[in-house]
Amino acid sequence: MYKVNRLWIFWAFFCLSGQSIASIDKGSTDKTAPIIGAPPYMKSVTGIQDIEDTYAFDSQWNPITYVNAMLHVPTSFCIQENSSAIAEFSQNDYLGNNISSGNFDLSQINTVQFVFGDRDGDICAFDESHEVEWYILDNGNKAWESITSWDDLSKTLIDNERFPGSILPPSSTTFSKYSQRLVIPESALNKRIGFIYTPKSKVGTPNTGPDIKVWDLNFSFGQHMNLEAGIIDESNVGFKIKKIDYHAGGGIVYPKLNKPSIDNLFIEGKFMPGETLKASYEFKSNNTLGAEEMSRFWWEVDEQKEEITLDNTNYTLTPLSNIITDKEMGKIIFVTVLPILKTQNDLFVVGNAVTTSTVAEGNNVKHLPYIRNLNIEPLKINNIASATYNYNYFGADGSIDSSDYTWEMFGRNGNLEYSQSWTVTQSGRIDNGPELKLADAGKLMRITMLPKTSLGVTGTTVSSEQNIESLLYLNMVPPSDSLKIGGGKFISFRVVAQYWDYFTDVTKIGQWKSLDSDVLINAQGIATLAPTASENKIAEIEFTYEGRTQKAFVEILLPDSQTIESMDQ
């Protein structure tokens, strides 16, 4: 501690008396000789493909490099606050285009791109130009996996003299804030890109370090710390650190690929329950390669909530919405289309998403009235057919219910026996159906409605059907007397038909039949003995109505005997 205090005292004295010392030493120069330190180096550096140009992918949805894409060395992360400026971001940021040029959210970054190093703690040379050279790299007949260094590759320097327009100046709104940007030239097709970067510190002597040579942009590269003062070790050209999880321009260079686009997007269809809407548009591939459209669609209700990124799986591959239900009525429906092109060589090219809604201009959305819960009330004999329903007209022109409806009745053989049409007079209820007669029992009634507004806008026809109440059972009332041989008298039968809550005498409208020749019975249910009757016996008769049969057993008696029995079968 004592030595440190003496050192600080000496440094203060030196600073305060420097001018006097300089004036005493008349033979010395006015400039103080710089202190020689260790050169700067790169702990880590990678390339970055411009986010705006990261829209093409291989068959496994890994980003690819292609002609005309822009590459950067991220010198924008050379900052004043820290001598080791670290910046990171994930592949998802590329996939979703969440980071726009010049608006870097450093909190989202998770892979080291640019880490400046200096043994003496000198800071990176912010606000100064940095030297970067871009190269076309060719491994020739060598397998790429066998390449281990910069020297294993054939190299072509990219400059604007040989490749006009390929080298762009630094830009404060991009990753290349202090270094030249590259627009990949056509000559790089089927080859690879690499770069040489020279580390540079803001202060210190020397303020540049040995060049780092990055020959595989799928990896981050780093250098060993330069330890010796004043010595720039040109052999310290860097080494691979690790594979990176974002696209930095690695891999072979593919042909130029343009974003596909969506033009004239609009929604069409009937906006009502049970229907679907359709996204109609013009898809432009904007590429010469034969291709297949693989666009994705996001349908949303009320507001656009989804973040439209490639890793958002809530999409469909059809331009049709889900079937509209009651809960969507009266709301706004949005559709977003992300244009995707699949090329002949199984590459995917993604364009910019386009969104529209059911209330946007230019759409062909028809807001139609509709009818729900159409129900026929129980159809009872001697009552008038009636029905209830719910009418809605969300968004349709004309608010008054002017729906049309038709009652139909079909016989037991399916033939149409009755048909009558009207317009509603009381929304939600129909009371003027046909009066139902006993002869209509069991027949089918149908009501069909066409929802219509007061201005003539019509929706989709709906219908409901129900059978008129049918016979539940027959109740035969037997007579109290018997038939006596030689008695010369008759007996009468009576049959009552029961429906839901309706009873009626059907004795004279059914069919009577005797199953014994000794008993005669007429259409009114009156039974008499035949002249041939000559012995005690039980005779059987039956009654049929509406497909049901009731039987009775009559005992024929000699004089002074009587019994009559009835049973329901």
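Hey, can you tell me all the residues within the stretch 500-517 that are at pLDDT 85 or above and under 60 Å from the mean Cα position of the chain (by Cα)? Phe503, the sole residue that qualifies.
Against the conditions (1) touching a Lys or Arg at 6+ places or on another chain (Cβ under 9 Å); (2) in a strand (DSSP E or B); (3) closer than 30 Å to Ala385 by Cα, Trp500 satisfies every one except (2).
Filtered by the rule that a residue be more than 17 Å from Val253 (Cα to Cα), out of contact with any strand residue (DSSP E or B) (no Cβ under 8 Å at 6 or more places or on another chain) and either outside any loop (DSSP other than H, G, I, E, B) or in contact (Cβ under 8 Å) with a residue 24 or more places away in the chain (or both), the stretch 162-188 gives Ser172, Thr173, Lys177, Tyr178. Residues in the stretch 230-271 that are under 25 Å from Val350 (Cα atoms), of a type in the set (A, V, I, L, M) and buried (at least 18 other Cβ atoms within 10 Å of the Cβ): Ile244, Ala248, Val253, Leu257, Ile262, Leu265, Ile267. Between Ala38, Ala33, the distinction of being small (Gly, Ala, Ser), at pLDDT 90 or above and either in a loop (DSSP other than H, G, I, E, B) or farther than 27 Å from Thr205 by Cα (or both) belongs to Ala38 only. Within the stretch 505-547, the set of residues being in a strand (DSSP E or B) and hydroxyl-bearing (Ser, Thr, Tyr) comprises Ser514, Thr528, Thr544, Tyr545.
Only one entry in Ser402, Ser463, Ser419 is open to solvent by 70 Å² or more (accessible area, probe 1.4 Å), out of contact with any His (no Cβ under 8 Å at 6 or more places or on another chain) and among the small types (Gly, Ala, Ser), namely Ser463.
For every residue, the table says whether it meets (1) open to solvent by less than 60 Å² (accessible area, probe 1.4 Å); (2) of a type in the set (A, V, I, L, M, F, W, C); (3) out of contact with any Pro (no Cβ under 9 Å at 6 or more places or on another chain).
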| site | (1), (2), (3) |
| --- | --- |
| Leu317 | no, yes, yes |
| Leu320 | no, yes, yes |
| Glu328 | yes, no, no |
| Pro339 | yes, no, no |
| Gln344 | no, no, yes |
| Val354 | yes, yes, no |
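The single residue among Gly269, Gly165 that is out of contact with any His (no Cβ under 6 Å at 6 or more places or on another chain) and within 30 Å of Val354 (Cα to Cα) turns out to be Gly269.
Against the list (1) at pLDDT below 95; (2) open to solvent by less than 50 Å² (accessible area, probe 1.4 Å); (3) under 30 Å from Tyr370 (Cα atoms), the condition Gly274 fails is (2).
Against the conditions (1) closer than 30 Å to Thr507 by Cβ; (2) without any contact (Cβ under 8 Å) to a residue 40 or more places away in the chain; (3) outside any strand (DSSP E or B), Ser427 satisfies every one except (1). Count of the stretch 480-497 residues, restricted to those that are open to solvent by 70 Å² or more (accessible area, probe 1.4 Å) and part of a loop (DSSP other than H, G, I, E, B), is 4. Scanning the stretch 407-430 for residues that are of a type in the set (S, T, N, Q) and either in contact with a Gly (Cβ under 9 Å, 6 or more places away or on another chain) or farther than 30 Å from Asn364 by Cβ (or both) gives Asn413, Asn415, Ser419, Gln420, Ser421, Thr425, Gln426. A single member of Leu338, Leu320 is within 13 Å of the chain's Cα centre (by Cα) and closer than 30 Å to Thr460 by Cα, and it is Leu320. The single residue among Ser464, Ser482, Ser454, Ser399 that is modelled with pLDDT of 90 or more and more than 30 Å from Asp501 (Cβ to Cβ) turns out to be Ser454. Restricting the stretch 181-229 to residues that are open to solvent by 40 Å² or more (accessible area, probe 1.4 Å) and among the acidic types (Asp, Glu), the residue that is nearest to Asn141 (Cα to Cα) is Glu186.
The values are calculated or read from the model by the stated rules, or taken from the named source; none is laboratory data. The structure displayed is predicted, hence computed values, not measured ones. Counting neighbours? That spans all protein chains shown, and the Cβs are built from the backbone with ideal geometry, glycine included. These accessible areas exclude ligands, DNA and RNA; they are computed on the full protein's heavy atoms, side chains included. Shrake-Rupley method; radii C 1.70, N 1.55, O 1.52, S 1.80 Å.
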